[in-house]
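Bear in mind these aren't lab numbers, they're just calculated from the coordinates by the rules spelled out. This is a predicted model, so every value here is computed, not measured. Backbone-built Cβ (ideal geometry, glycine too); neighbour counts: all protein chains shown.
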Amino acid sequence: MRLTHTLKTAVIGLRTNKGRSMLTILGIVIGIMSIIMVMAVGKGAEDLILDQIRGMGSRTMSVEPGRMPQGLGDVYEIFTESLGDKEVEAIKNKNNVRGDNRVAPFVGFMDTVSHENEKMRTQIHGASELWMEIMDVYPEDGQMFTDSDVKQIARVAVIGSEVKNELFGESDAVGENIRIKGRNFKVVGVFPPTGVMMMMDVDSLIILPYTTTQKVLLGISHYHAILVQAETEAMVPGIVEDIKITLREMHGITDPDKDDFHVGTMEDAMQIIGSVTSALTILLTLVAAISLLVGGIGIMNIMLVSVSERTREIGLRKAIGATKGDIITQFLLESVILTIFGGIFGIMLGAGFTWLIGFAIREFGGFISWKFYFPISAVFLGVGVAGAIGLVFGLYPASQAAKKSPIEALRYE
Amino acid sequence: MPIIKSKNISKTYYAEEIETPVLHGLDFEIEEGEFVAIMGPSGSGKSTLLHILGFLDDQTGGTYHFNGKKISDYTGAEIAHIRNKEMGFVFQAFNLLPRTTTYDNVKLPLVYSEYPESEWDEMIMKAIEAVGLEHRTYFETSQLSGGEKQRVAIARALVTNPTIIFADEPTGNLDSKSGKKIIEILQKLNEKDKHTIILITHESETAHCAERIIHIKDGKIDSDKKVRHQKDANHGYKK
């Protein structure tokens, strides 16, 4: 039998049971849709995160206390007090670390801030002017505090737009006081609405001089990180080595496994995040694949019903010259057409929902740079997987149909 | 060479260890161009015999030669090919495809054939013309009367121009007028187009429209005689 006629026969067979065919492919539609969504949103998230890290500049390194976390057990390492002024000065020293680097210590914590009767709990960062340059965010009202504010341990703050709205509403914030831990800080600048950058929601941040944060608020003498910005990207690996050697020498460490600090570069961060997001995507795709399996079983079930309903037709076709192969092809084509249609609908729905999710993330989640990402490979994958499911789950019903003896099939009531 | 040669064919059904013998060793030959009626009371095994002759069922004993070759020597694909090219079937229950037109029902065997598609339309129209259903060509078969349905089935059986047409009680579901029309068509196919026809019936009048009658009783051949005065479809003597 010619393929075009088998195809026509299969389409006619499906069309006679339109409602049933539609319901049958629902499982495949949902399965393919979820896989497409997981793949597209996963890729979008990865791109967004990597973009943000890249935005931080590939010239930037972050020296952090504790050795490079190897697992959950190493989390306590970040409480190590191994980085203080001594280390900052050592890193700034050109005899230790090559190049004309900019170095800025950093401390951060969460607390409640208030103005008059308004209160909110938020992230408080102790930083310097360099923070602003690295983030590339500048106040729209007022200005950033200066290095002399840092030296003088001034009680000044720059706040994000959301903090301003929460605490001050419509009225001006610059020149007013906010209270943190029972102390007053003068607001000198307000950031414009910026959204999330480098995994931080800039809008709900409060930036203070790191000296003030350290001494006045936390009463500590160490830092949570030391940011280092090199002149050029090419110098980064050498600087990382220099920092390691310098700090190991200072802390008397001979075995690198016993480091009480680690230097993170953007490249490291991108690699880690890339592997985390791909692992997550794979996991979620597997979960979505389960619904495809269920959908495939649904297809098999309906095809078996269809085969037994059409037993007489099968008998007749065999009596007038259909071979086993003809019958198998006919029923296989039916199930493959079903699943491929399911795959196409799933891809369209998946693309639609991916777009909607992207829209929601941009509009309501603050990730302005979220891109709608729809991989062409997902289209081929979707159709291919759906077709393969049709083949696999259609094979059993089709072979059941072909096996029927023509006379028994014709006698079937 | 006879087109059909049955040597000691027997058939026993097995169901849950109970043996039901249906045919007990039948010997006969049918030449090309013959019009043979197989007669017998219900349960005599005549339908089973027809199914074996038409490759729709397997015998359990004896040998069946079709066109000089033992059936067991044919492959599955060859058997499908012979059913398509050499044989046409007309069933008591019509067995037409539902929600399908006369034209598409008649086309069905061609779909499985080796005839080039360019010739199909002519072949289909010729077969429909042979059963006098030109005015019903594009009707769905559910809109046709019983007699017309059976004529569609005959057109389907003869569209590939087969050597043999097997008709299993073709008039069984029809009123006598429609039944006569069917027999008339079969007679014409035999005389004019030289198709071999094997007709199963339990009506003596219908059987006498054939040239030869094989009587089957309890799975054995009771008699195998030429019809001395062949009747026409209206049961008047011919010539």
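Placing unit charges on each Cβ (+1 for Lys and Arg, -1 for Asp and Glu) gives chain A a dipole about its Cα centre, and among A:V29, A:L48, A:G160 the Cα reaching farthest toward its positive end belongs to A:V29.
Given +1 at the Cβ of Lys and Arg, -1 at the Cβ of Asp and Glu and no other charges, the dipole of region A:102-226 around its Cα centre is 720 debye to the nearest 20. The distance between label points at B:N67 and B:S42 comes to 3.6 nm (points 7 Å beyond Cα on the Cα→Cβ vector). Restricting the trypsin sites (Lys or Arg not before Pro) of region A:98-143 to loop positions (DSSP other than H, G, I, E, B) with no more than 15 neighbouring Cβ atoms within 10 Å leaves A:R98. Centre-to-centre separation between the Cα atoms of region A:389-413 and those of region A:23-48: 33 Å. Rounded to the nearest 20 debye, the dipole size of region A:303-394 about its Cα centre is 140 debye, using +1 on the Cβ of Lys and Arg and -1 on the Cβ of Asp and Glu. Since only A:A360, A:S335, A:W131 are under comparison, the one whose Cα sits farthest along the positive direction of the charge dipole of chain A, derived from C-beta charges on Lys, Arg, Asp and Glu, is A:S335. In this structure the amide hydrogen of A:G84, modeled in the peptide plane, comes within under 5 Å of the amide hydrogens of A:Y223, none closer than 5 places in sequence on its chain.
Taking 0.36 nm per intervening residue step and subtracting the Cα-Cα distance, what contour gain separates B:E191 from B:D218 on full extension?
Length difference between fully extended and current span is 6.5 nm.
In a GNM of chain A with a 10 Å cut-off on Cα contacts, which of A:Y396, A:Y223, A:Y210 has the highest mean-square fluctuation? Ranking A:Y396, A:Y223, A:Y210 by mean-square fluctuation puts A:Y396 first.
Between B:A15 and A:R411, the simple label model (points 7 Å from Cα in the Cβ direction) yields a spacing of 0.7 nm. Between amide H atoms placed 1.01 Å from N, distances below 5 Å from B:S10 occur with B:G25, B:L26, B:T60, B:G61, B:G62, all of them 5 or more places distant or on a separate chain.
How far is helix A:266-309 tilted off the main Cα axis of chain A, in degrees rounded to 10, range 0 to 90? Approximately 20 degrees, to the nearest ten. For chain A, the longest principal axis of the alpha carbon atoms and the long axis of helix A:324-364 meet at an angle near 20°. Here the Karplus curve 6.51 cos²θ - 1.76 cosθ + 1.60, taken at θ = phi - 60°, turns the phi angles of region B:71-76 into couplings of 4, 5, 8, 7, 7, x Hz, with x standing for Gly and Pro.
Packing around the peptides A:7-15, A:401-409, taken as the average count of other Cβ atoms within 10 Å per residue, puts them in this order, highest first: A:401-409, A:7-15. Dipole of chain B computed with +1 at Lys/Arg Cβ and -1 at Asp/Glu Cβ about the Cα centre; of B:N84, B:A167, B:F66, farthest Cα towards the positive end is B:A167. With axes computed from alpha carbons, what is the tilt in degrees of helix A:236-251 against the longest principal axis of chain A, rounded to the nearest 10 within 0 to 90? For helix A:236-251, the angle is close to 60 degrees.
Cα centroid separation, region A:281-359 to region B:73-102: 29 Å. Between A:I297 and A:I272, the modelled label-to-label distance comes to 4.1 nm, taking each label 7 Å out from Cα in the direction of the beta carbon.
About the centre of its Cα atoms, chain A shows a dipole size close to 2860 debye [charges on the beta carbon of Lys, Arg (+1) and Asp, Glu (-1) only; nearest 20 debye]. Of chain B, which part is the longest with no chymotrypsin sites (Phe, Trp or Tyr not before Pro) in a loop (DSSP not H, G, I, E, B) and with at most 15 other C-beta atoms within 10 angstrom? Longest site-free region, per DSSP loop and neighbour criteria: B:1-137.
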